[in-house]
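The values are calculated or read from the model by the stated rules, or taken from the named source; none is laboratory data. Just so it is clear, the structure is predicted and the values come from calculations on it, not from any experiment. Cβ placement follows ideal geometry from the backbone for every residue including glycine, while neighbour counts extend to all protein chains displayed.
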């Protein structure tokens, strides 16, 4: 039997940046929590859209043709294949919704930033 997931509590269980943690699954999709601070790398996901939901803080998502600014309670869907670069001046807490197995760096070859996949908290 499933039990409710307390997102605030889950954020107390990790502090690493740009390393999404899975808190739930629905069909083939995962709900992941991540802490974002500073700039990530330009990347895209050829096979899937990526949803960013800001739970706390301010998130910037740069696209090649514009910049998206998100605040607490706002979300944005990056369409599949669209290059994007998330960043936050101060630490931001976000939920990502994406298919199981999605690599955080997409198609980039930056192996230094690839987070371990399917890490549950």
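Every condition in (1) more than 23 Å from residue 6 (Cα to Cα); (2) touching a residue at least 40 places away in the same chain (Cβ under 8 Å) is met by residue 25 except one, and the failing one is (1).
Checking the condition touching a strand residue (DSSP E or B) at 6+ places or on another chain (Cβ under 6 Å) and touching a residue at least 60 places away in the same chain (Cβ under 8 Å), which residue from 98, 50 passes?
Within the list 98, 50, the selection yields 98.
If you go through the stretch 86-115 and keep only what is surrounded by 14 or more Cβ atoms within 10 Å (Cβ to Cβ) and over 18 Å from residue 32 (Cα atoms), you end up with just 108. When 44, 19 are checked against the criterion of being farther than 24 Å from residue 121 by Cβ and touching a residue at least 60 places away in the same chain (Cβ under 8 Å), 44 stands alone in meeting it. Yes or no: residue 104 at pLDDT below 95, farther than 14 Å from residue 22 by Cα and assigned to a loop (DSSP other than H, G, I, E, B)? So residue 104 fails the test.
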